[in-house]
Amino acid sequence: MKVNNKHLGLVTKKFNDFFLVDLKNKENSGNSEKFLCKVRKAINFKNQLIYVGDEVVIENIDLKSKSAVITSLKKRRNLLVRPSVANISNIYITFSVEEPALNLSQVNRFLISAESMDVEVSLVLTKCDLISDTLRSSLINKFEKWGYQAITLNLQKSDCFKNLLAEVKQKECSIFMGPSGVGKTTLLNMIIPGLQNSTSPVSNKIKRGKNTTRNVELFSISNHSYIVDTPGFNMQPLEVDIKLLPNLYSEIYKQVIEEGIKCKFRNCLHLNDEGCNLNKSFERYSFYKDMIESSKSHYYQNQED
Ligand SMILES: Nc1nc2c(ncn2[C@@H]2O[C@H](COP(=O)(O)OP(=O)(O)OP(=O)(O)O)[C@@H](O)[C@H]2O)c(=O)[nH]1
Ligand SMILES: [Mg+2]
Ligand SMILES: [Zn+2]
């Protein structure tokens, strides 16, 4: 049976030229109806590609074969580049405290690149069963100084994710990002009833993840909330305008915006002491400096090309 109405849908998965689209504004939550869609021929949406998280209009809905065609693409609020996901409201940077071991410079890179998206950013630390309570507390203290209230999880305790679940249910579209093997899919399997996505143990020798999740996929947790599982990336590329970098660090933002400190030059990158009044005695300053230096060389290289 075909229905000719137009419907607003949400792209939950993408493979080659096909898209899985969930109907939006459904009456009830629970098992959602997904339609396999292609883009209507002769439409190219001004050469824009369609991504997971995009809102689209679907037509020619065939209820029997559960298929339809996408006829237009709604304006998106934001687009994360790697992995490609549209319309995110919250990013949960997810790292394990062990197996694979916590790499602070990598955590910082993920956090800063998430901050550049202008969405709410949180930090989740998994596998806390593998460390002592003392170490867990000291990590919480450390990240508090970085400007984050780390959510610490021990997924072997089934009730530890209750608060997190209540939180993501309040958000529109939360994405879990971090290296391979940290337990992103394990967490989603616990949060979403009935979800049984593949997970696999980290490799024995080098304690690295095995890149188990291959595709970005968006899952419904209530009528208005979605969670995205992503493939783990071990290196987060940073494509942030160098001028924006200082304010992505809360330690700098607080001094400049909230406390109003002024350096001699406007647009001070807070590197040399001459005329710079930033208090640099915070833990992430060395990461910040390295990030500015490497963006600078990248910046000048591009200017020469
Ligand atoms: N000890 C312990 N192991 C955990 C915990 N959470 C997840 N794991 C294990 O970590 C391994 C990797 O988990 P996955 O969920 O596949 O990791 P992922 O982040 O989805 O990895 P990719 O899909 O490769 O990006 C699995 O063997 C999980 O059982 C935890 O809280 N404690
Ligand atoms: Mg996974
Ligand atoms: Zn300065």
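Please determine whether any residue of the stretch 190-206 is surrounded by fewer than 18 Cβ atoms within 10 Å (Cβ to Cβ), β-branched (Val, Ile, Thr) and within 10 Å of ligand 1 (Cβ to nearest atom).
Scanning the stretch 190-206, I find at least one residue that is surrounded by fewer than 18 Cβ atoms within 10 Å (Cβ to Cβ), β-branched (Val, Ile, Thr) and within 10 Å of ligand 1 (Cβ to nearest atom), so the answer is yes.
Please pick out the residue among Lys210, Lys184 that is away from ligand 3 (no atom under 16 Å from the Cβ), open to solvent by less than 40 Å² (accessible area, probe 1.4 Å), among the basic types (Lys, Arg) and touching a residue at least 12 places away in the same chain (Cβ under 8 Å). Working first, answer last.
Values: Lys210 fails: open to solvent by less than 40 Å² (accessible area, probe 1.4 Å).
Matching residue, one of Lys210, Lys184: Lys184.
Can you name the condition, by its number, that Ser220 falls short on among (1) away from ligand 3 (no atom under 16 Å from the Cβ); (2) outside the structural domain of Ala86 (by TED's automatic domain parsing)?
It is condition (2) that Ser220 fails.
Which pairs have Cβ atoms under 6 Å, sit 6 or more apart or on different chains, and link a residue in the stretch 249-268 that is farther than 21 Å from Asp290 by Cα to one that is assigned to a helix (DSSP H, G or I)?
Ile261/Gln255
Within 12 Å of ligand 2 (Cβ to nearest atom) and not in a loop (DSSP other than H, G, I, E, B): does that describe Leu195? If you could, list the steps in order and put the result at the bottom.
Numbers: within 12 Å of ligand 2 (Cβ to nearest atom): yes; not in a loop (DSSP other than H, G, I, E, B): no.
Criteria not met by Leu195.
I need a count of the residues in the stretch 190-239 that are among the charged types (D, E, K, R) and at pLDDT 80 or above. Break it down into steps so the answer makes sense when it comes.
Keep residues of the stretch 190-239 that are among the charged types (D, E, K, R), which gives 205, 207-208, 210, 214, 217, 229, 239.
Imposing the further condition that a residue be at pLDDT 80 or above reduces the set to 208, 214, 217, 229.
Residues flagged as among the charged types (D, E, K, R) and at pLDDT 80 or above within the stretch 190-239 amount to 4.
Name the residues in the stretch 279-305 that are at pLDDT 95 or above and among the hydrophobic types (A, V, I, L, M, F, W, C), would you?
Passing the criteria: Phe282, Phe287.
Taking the criterion of being away from ligand 2 (no atom under 16 Å from the Cβ) and of a type in the set (A, V, I, L, M, F, W, C), would at least one residue in the stretch 204-216 satisfy it?
Yes - at least one qualifying residue is present in the stretch 204-216.
Could you run through the stretch 99-130 and say how many residues are within 16 Å of Pro83 (Cα to Cα) and part of a helix (DSSP H, G or I)?
Selection size over the stretch 99-130: 7.
Within the stretch 247-279, restricting attention to residues that are part of a loop (DSSP other than H, G, I, E, B), more than 9 Å from ligand 3 (Cβ to nearest atom) and within 20 Å of Trp146 (Cβ to Cβ), which residue is least open to solvent (accessible area, probe 1.4 Å)?
Ranking the candidates gives Tyr249 first.
What are the residues in the stretch 92-114 that are away from ligand 2 (no atom under 16 Å from the Cβ), within 10 Å of the chain's Cα centre (by Cα) and not polar (S, T, N, Q), if any?
Going through the stretch 92-114, the residues away from ligand 2 (no atom under 16 Å from the Cβ) turn out to be 97-98, 101-109, 111-114.
Still in the list and also within 10 Å of the chain's Cα centre (by Cα): 111, 113-114.
Within the stretch 92-114, Leu111, Ala114 meet the criteria.
Looking at (1) within 16 Å of ligand 2 (Cβ to nearest atom); (2) among the hydroxyl-bearing types (Ser, Thr, Tyr); (3) surrounded by fewer than 15 Cβ atoms within 10 Å (Cβ to Cβ), which is the only condition Thr126 fails?
Unmet condition: (3).
Which of the residues belonging to the stretch 209-230 are within 9 Å of ligand 1 (Cβ to nearest atom) and not in a strand (DSSP E or B)? Before the answer, list the steps.
From the stretch 209-230, those within 9 Å of ligand 1 (Cβ to nearest atom) are 209-214, 229-230; that's our starting set.
Across the stretch 209-230, the qualifying residues are Gly209, Lys210, Asn211, Thr212, Thr213, Arg214, Thr230.
The values are calculated or read from the model by the stated rules, or taken from the named source; none is laboratory data. Being a predicted model, the structure only gives us computed values, none of them experimental. Neighbour counts run over all protein chains shown; Cβ positions are idealised from the backbone, glycine included. Just so you know, the surface numbers come from the protein's heavy atoms only, side chains and all, with ligands and any DNA or RNA stripped out. Shrake-Rupley method; radii C 1.70, N 1.55, O 1.52, S 1.80 Å.
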